[in-house]
Each structure stands twice: as structure tokens, then as C-alpha cells.
Amino acid sequence: MAAAPKSRAMLTLPEVCEELQITRSTFYDWRQKQRAPRCIKLPNGDIRVRRADLELWLCDHEDAA
């Protein structure tokens, strides 16, 4: 039985968009409106999202079904 891949602590913007099934432009729109998960802007301009921040953000947006 193969071990499950270890989840990364920091996600790139394409990884976040893929996980949320949204486009990059949607993410930037949410970010501009302060509706996106907390982001870290690196000195080179790249954006990262902590896995824990994404999970917290998802929990905050969970709708009682």
C-alpha cells in the first residue's frame, strides 16, 4: 500500500486555483475584494498560501448543508 503524498505547507497560486477549481483572474478578484485566503507575497512577487490558512478559509466558508 503506497503512502499518501505529504501535503505541502505552502501552496503556489496555480495549486490553490486548481484545488478551488477557479481561474487565476477569479482569485485576484477575490483578493482585491479581500475575500481570498490569506496570502504571502514573496520578494520576487510570487504569491503563496499556507495550507493551514486555506483550510481555515474553507471552514469559514462552509455552508451548513
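Points to keep in mind about this one:
- The residues listed here are 8, 24; of these, the one that is touching a helix residue (DSSP H, G or I) at 6+ places or on another chain (Cβ under 9 Å), at pLDDT below 95 and of a type outside the set (Phe, Trp, Tyr) is 8.
- Selection of segment 40-51 for residues being out of contact with any helix residue (DSSP H, G or I) (no Cβ under 6 Å at 6 or more places or on another chain) and in contact (Cβ under 8 Å) with a residue 12 or more places away in the chain yields 40, 46, 48, 50, 51.
- Here is the figure for segment 52-65: residues that are loosely packed, with under 11 Cβ neighbours inside 10 Å and outside any loop (DSSP other than H, G, I, E, B) total 2.
- Top-ranked residue of segment 27-51 - restricted to ones that are among the charged types (D, E, K, R) and part of a helix (DSSP H, G or I), ranked as surrounded by the fewest Cβ atoms within 10 Å (Cβ to Cβ): 29
Residue-wise test of (1) modelled with pLDDT of 95 or more; (2) out of contact with any Asp or Glu (no Cβ under 7 Å at 6 or more places or on another chain); (3) of a type outside the set (Asp, Glu).
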position: 18; (1), (2), (3): yes, yes, no
position: 29; (1), (2), (3): yes, yes, no
position: 39; (1), (2), (3): yes, yes, yes
position: 62; (1), (2), (3): no, yes, no
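- The listed residues are 24, 8, and the only one of them that is touching a residue at least 40 places away in the same chain (Cβ under 8 Å) and either surrounded by fewer than 10 Cβ atoms within 10 Å (Cβ to Cβ) or among the basic types (Lys, Arg) (or both) turns out to be 8.
The values are calculated or read from the model by the stated rules, or taken from the named source; none is laboratory data. Predicted model only: the values in this text are computed from it and were never measured. FYI the Cβ positions are ideal-geometry reconstructions off the backbone, even for glycines, and counts take in every protein chain you see.
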